[in-house]
Every structure is written in C-alpha cells, then in structure tokens.
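Have a look at the structure below before the remarks.
The values are calculated or read from the model by the stated rules, or taken from the named source; none is laboratory data. Treat the numbers as computed from the prediction; the structure is a model and nothing was measured. Because the Cβ atoms are built from the backbone with ideal geometry, glycine has one as well, and the counts that use them run over all protein chains shown. We work out accessible area using only protein heavy atoms, side chains counted, and drop any ligands, DNA or RNA first. Shrake-Rupley method; radii C 1.70, N 1.55, O 1.52, S 1.80 Å.
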Amino acid sequence: LFPSLLLGLLCGCLCVFRRQGILVGGEVFGDCHVCVHVESGLWVLCEFCCMYTAYIRTMTIKNSINQYIYSKNIQSNRLLLFYSGVMKPGLNAILGPTGCGKSSLLDILSTRKDPQGLSGDILLDGMGLPTHFKCMSGYVVQDDIVMGTLTVRENLMFSAALRLPLSMSKYEKNQRVDQVLKELDLAKVADTKVGTYFSRGVSGGERKRTSIGLELITNPKVLFLDEPTTGLDASTANAVLLLLKRMSLQGKTIIFSIHQPRYSIFKLFDSLTLLAAGRLLYHGPADNALPYFKSLGFVCEPYNNPADFFLDIINGDSSAVATSKMAIHSAVLEATEREQETIALTLAVQFSKCNFYKKMLEELDAMSKEQKRLGTMIKGLPYSTPFLHQLKWLSKRTFKNLIGNPQNSTAQVNKVFCFIVVVHMFSLSNLKILGFSCRVGALFFLATNQVLNSITTVELFISEKRIFIHEYISGYYRVSAYFFSKLIADMMPMRTLPGIILTSLNYFTIGFKPVLASFFIMMLTIILIAYASSSLALAVATGQNITSVANLLINICFVFMIVFSGILVNLTTITPSLLWLEYFSIPRYGLNALQINEFTGLRFCNETPEGVNVTCVSTTAFTVCTGEDYLEMQGIGTTAWDLWQNHVALICMTIIFLTIAYLKLKFLKKYT
C-alpha cells in the first residue's frame, strides 16, 4: 500500500508542476483566467481550471481540454474545472445539478473565494477590479442572514447607516430605505420583526426579499445571488425572480445560481450557463440553448421544461440521450456519477469546438492583454463610514438584540431568583458566632458563581458567526468595530449590572463586615472576576462552530481553576511541580481579594451576647482568633498590595484573553 501511495503522490506532484498549479489543503488549482469587461453593463470572461480531490489522482493534459485518468477505487470530489463566458446586464443564470460548481463559480466572480491558489484577471469597464470589489457589489447568500430580533425597516436602516456615505443626510437614507421597501413590496411588513426560532415573524418570501433589500441599499450595478429560490414555494420563487427581472431592466447585472427552476422562471433568463461535473456545457443566450442542443441531436419533447430537459441530459435519464447522433461511450460505465462525468466531458468538448465560443475567447483574451498593458484599475473604498460611526450602530443593534432576545432575560431572572434563595440560606447563619467558616463559604460561592455564569459568553460570537462573516465581507464594518460593540453593548452590561445587583443584595443581608469601603471593593472584585472569566470564554469560543464544544472546553478550564482556588485544596500543601497552575486560576485571584477585604481587621474570640465564638472554645495551635490568623494559615498576605495585586492580575488576564479573542476573530477564515 505504501509504495502505491508514494507512486501516486509522485505522479500527482509531477502533474501539478507540469500544469503550474498549486496544491493547497487537498485542492489543486491549475491555470485560471478571469476577465470582466463592462460596456453599459458587465461582461465576464472566466477561464478557470480547478480540481478538488480527497485522495490521490493521476492526471494528464492534452491540448487545452482536461482529460482525467482515474485510478480504480479512488473517490474524488470535484469543483469547477474549466469555465469561459460572458455575462451582460440582465438575468444571468448558472444552472446545473448539485455539486457541479455553481456556488464556487459565483464566489470566484464575486471575489469571495479564498484567493490562495487562484490566478487570473477580473476586469470591470476594461479596468482591473478594485481590491474591495465585494464591498461595491451585492451578494445574497443561499441561507437568509438577517437579524431576526429587528424589524424589516431596522435591518434596512442598519445596512443604510453603515454602507451609505456620511455625506448623505439621515433624511436621504430614510428615503432610500422607503424606496427599497416599496420596490420589494415590503412596506406592509416594514415594522414587523423578521423572526427567530423562538418568535414568529415575516414569511419566507418576505424574509428572502429582506435579504435582497439589504444588498439593494447601495444600489449596486452587480448583484450576486446564491440559489435565491431555496426554501420557497413555486409561487413565491416566481415572485422573487420577477422582482429580479424588473431590477435587471434597470441596467443591473444580476448573476445567480439556481438548481431546477420551473418554466415560468426559466423564460425570464437572459443568459444561461450550464455546468456539469465542473465543466462548461453551454454558455450564451438562454433562448439559444434549446436550438444548440438540438443541433447536437438532443430534442426537447413538447411541453417539457427546458431546465428539466438539460438536467436529464446531464444525468443520462433523457430519452434524447439514447436517440442522439452524438457518440457517448457509456457501455463500460460503472456508476451514475461516472456516467454523468463522461456525458459532461463529451458535451464540454463539443461546446469548446463551436465557433461562438472560440470567437468569444479571442475577443476577451485581447481585452485582457490590453488591460495588462495599460495597468488601469477602478478605485474603491473599503468602508463608507468611520470606526466610531460603525461602533455606534453596531452597539445599538447589539443592545436591541439583547433586549429582544427572550431567553437572555429569562436566564437572568432565573439566576437572580436562585441567588436570592442561596443568600437567604447564608443570612440564616449568625456570622459573628460561626466565625470565618461561613464567611469563607459565602465568598467561595460568590466567586464560583461569577465564574460559572460566564459560560454563557461562549455564544456571543458563535450565534452570530455567519452574520458577522457575511457583513464583514460585504464591507459593513471593521472587525475592531464589531468586537468592541460586543464588549460595550453585551458583555459589559451582562457582567457589570449583575455584579452590582448581586453585591447589593448579599453584602448586608448575609452580614459581611459593615464597612462602606469593603462593600465597594467586594463589588469591584466580583465584577473583575466576571470580566476575566467571560474573556477566557470568548478566547476559547471565538472561531468555534458548535456551542457544545466550546462549553466543554471552557468547563474543563473552569474546573481546574476552581480546584486551585485555595478552598478545596490548601495551596500550601500542593507539590511545587503543580503549584504553578495556581497562577492561571481566576477564582484564586478573586477569592484572595475577597478574603483579604473581608477578614482584615476582624476578631473572632471576643465574647458576644450570643455566646463565645465556636472557633475559640479552647486555645490550641489551630485556634483562629483574628482574620489575619486565618489569612496567614492560607498563605495569603494582608497588606494593601496583597489585595490590589489580585485586581491587577484579573485586569491583566482580561486584557490578554480579550486580545486572544480579537486576534482569533481577526484571522478567522472568512472566505469559502
């Protein structure tokens, strides 16, 4: 097995070097040429060769047509292999079966594909695309990405506030929003919430139109849509395509992928690109598609949907395949996938030989060479608004989402209720008589409660990951603005206010030291514990896709931290080889600060009207008569610096963990 794998790897490497491609993470990208030209619209020439393989595959290249020799029992997943075409103003449909490369082509044309391993040119108006072309064009993803806790109007206003320049007045932006609402027939649901899993909102068609409206705010000349009819019934899908048709008549170039449209949708297409097995089978006017295939011997039966007819040809299910005059060698095919690939290869070769295709390549190659000679490029700005403006609107939206999310409010109410019950239990004990034992228990509960409650922070970036990636790529805002908005409008209120409320409820109820300064020091300590714990949760969870995995990881961290907090195990008895772990324990710093703040200046051996303190009934080497005695037994200092160094440590840990979370968010893979 090893020699055969080595031989296959060697053959694959030789093939890649011969083709001058790049092998990246299992993806082989060979020659790629993308050219876009605009004359009263958008023209696209794309010559793209790419292969994705999960296992080793040998490959030979003959002439300019890719022919692949497959090893037996080797499975492969293919992406786009070869594409060349032109897309003008109007409805430009990319049609094909599942897995043929429609979305990959769409991502490449919209510059949302990871550029690593790709090469080529994209021209707009005969000039090179700006670096931030994705910020100037519109892109509607397959799964609607809309903030469900906001209304339709609020979502559109958010897009307008961040994507339209500050030179436009608020009135002009409102007018633009009203215009989009009218164009998309959303005026009647403008003030209705989009809806979430927990609350009902607008219908599926209205949600799709809202997603389209977010991109129409900037009035882009080029609009990309990834399967806009997904999840919609036939009538709603037809209404969405009619809307796109009306927009295309205004001079917009609309490029979209679609799987299997009905005839009333198909007849709206201006241009058709037919893909199969990563190969280009047809590209040109949609009205000429049937005559072209008829010239090859594939005749569409009366009353048959042309889109279904094309897919039947690709899958080998059409009776036209059997009666075609083309020679399709499928006698020795072993599987449907292989049959589909052989038919696609034969049709791709036929299309590459047609005069229309050859003439188009010659014209667009000339344009590409001219652009390279001139070196011109369209200027573009990455963002329309400054950092502070983005921060204000992101914070406003985050706060609205926090208020409109019912489970957040319910969780906080339950948290306060449970804490009141526990506080009542501690208040039933007379701390003056029971000495330090109940005080330590109460302080440990407070610190541990703040740490464990911070687990909910893991959802801060995970739940909105898809929204963040889409909006960032579309040029809504900077990563820094999004990150700090989450801290200001979500993490800080959810950690600061509960700390203030819980400290106010428990301090005098339980009966801690009646000193005002100690009260505020305890409040500050509890808030810092929550900040440090939440920051650690963010650092662990950022970039994760599954909340349960992030919860598991952060729980493991918190368990080890609580063990080294100094209560469950006396730190002075731990072996030096493990003692270094105490410096990574957030509860340890918080609990040390709480204990120094509470026990300094306390005496337990004074007789009281209620009796003698139980810790001082008999004087022994283990008698604890003062708070300082207890702190000394625990190895905790009693000076002012011993108190404040714990706060400094918590602040430093917060900053470090937040920095890690920001860097993970900054370098998060944002391309497909």
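Whole number in Å², please: accessible area per residue of region 473-538, 1.4 Å probe, ligands, DNA and RNA not counted.
Accessible area per residue, region 473-538: 30 Å².
Tell me, how many Å apart are the Cα centres for region 531-557 and for region 258-290?
Using only Cα atoms, the two centres lie 46 Å from each other.
Return, for the Cα atoms of region 468-538, the radius of gyration and Dmax in Å, separated by a comma.
Just the Cα atoms of region 468-538 yield Rg and Dmax of 17.1, 56 Å.
Using a basic spin-label model with each label point 7 Å from the Cα along Cα→Cβ, how many nm lie between Thr131 and Lys353?
Between Thr131 and Lys353, the simple spin-label model gives 4.7 nm.
Beyond 16 Å, what share of the Cα-Cα pairs of region 205-279 is found? Please give it as a whole percent.
Details: 1341 of 2775 pairs.
That fraction is 48 percent.
Could you state the number of Å between the C-alpha centres of region 446-501 and region 178-228?
With region 178-228 and region 446-501 each reduced to a Cα centre, they are spaced 26 Å.
Using only Cα atoms, locate the centre of region 626-670 and the centre of region 126-173, then give the distance between them in Å, rounded to an integer.
Computed from Cα coordinates, the inter-centre distance equals 41 Å.
Can you tell me the FRET efficiency between Phe584 and Gln179 if r is taken as the Cβ-Cβ distance and R0 is 56 Å, rounded to the nearest 0.05?
Numbers: r = 56 Å, r/R0 = 1.00.
The computed FRET efficiency comes out at 0.50.
Counting only protein heavy atoms and a 1.4 Å probe, tell me what percentage of region 473-545's accessible area is made up of carbon and sulfur.
Details: 1700 of 2230 Å².
Using a 1.4 Å probe with all protein chains present, region 473-545 comes out at 76 percent carbon and sulfur.
Take each of the peptides 213-221, 487-495, 283-291, average the number of other beta-carbon atoms within 10 Å over its residues, and list them starting from the highest.
Values: 213-221: 20.7, 487-495: 19.1, 283-291: 17.0.
Averaged packing, sorted descending, gives the order 213-221, 487-495, 283-291.
As a test of understanding, state the convex hull volume per residue of region 144-188 from its alpha carbons, in Å³.
Value for region 144-188: 81 Å³ per residue.
Label-point separation (nm) for Thr575 and Ser295, each offset 7 Å from Cα along Cα-to-Cβ?
8.3 nm
Average the reciprocal distances over every distinct pair of alpha-carbons in region 149-272, invert the result, and give the Kirkwood radius in Å. Walk me through the intermediate numbers first.
Details: mean 1/r = 0.0655 Å⁻¹.
About 15.3 Å for region 149-272.
Obtain the nm distance between the two label points defined at His259 and Ile501 by a simple spin-label model: each point lies 7 Å from its Cα along the Cα-to-C-beta direction.
4.5 nm
Please compute, for the alpha-carbon atoms of region 155-225, the extent along each of the three principal axes and give them in descending order in Å.
38, 26, 20
At 0.36 nm per residue, and after removing the present C-alpha to C-alpha distance, how many nm does the segment from Lys170 to Leu568 gain when stretched out fully?
Numbers: separation 398, 0.36 × 398 = 143.28 nm, distance 5.89 nm.
Between Lys170 and Leu568, full extension yields 137.4 nm more.
With all pairs of different alpha carbon atoms counted, what Kirkwood hydrodynamic radius in Å does region 238-301 show? Present the calculation step by step, with values, prior to reporting the outcome.
Values: mean 1/r = 0.0763 Å⁻¹.
For region 238-301, the Kirkwood estimate is 13.1 Å.
Give the carbon-plus-sulfur fraction of the accessible surface of region 153-192 in %, rounded to a whole number; probe 1.4 Å, heavy atoms of protein chains only.
On the way: 1070 of 2080 Å².
Ligands and nucleic acids excluded, carbon and sulfur reach 51 percent.
Once R0 is set to 51 Å, what does the formula 1/(1 + (r/R0)^6) return for the Cβ-Cβ distance between Asp287 and Phe667, expressed as a FRET efficiency to the nearest 0.05?
Working: r = 47 Å, r/R0 = 0.93.
My answer for the efficiency is 0.60.
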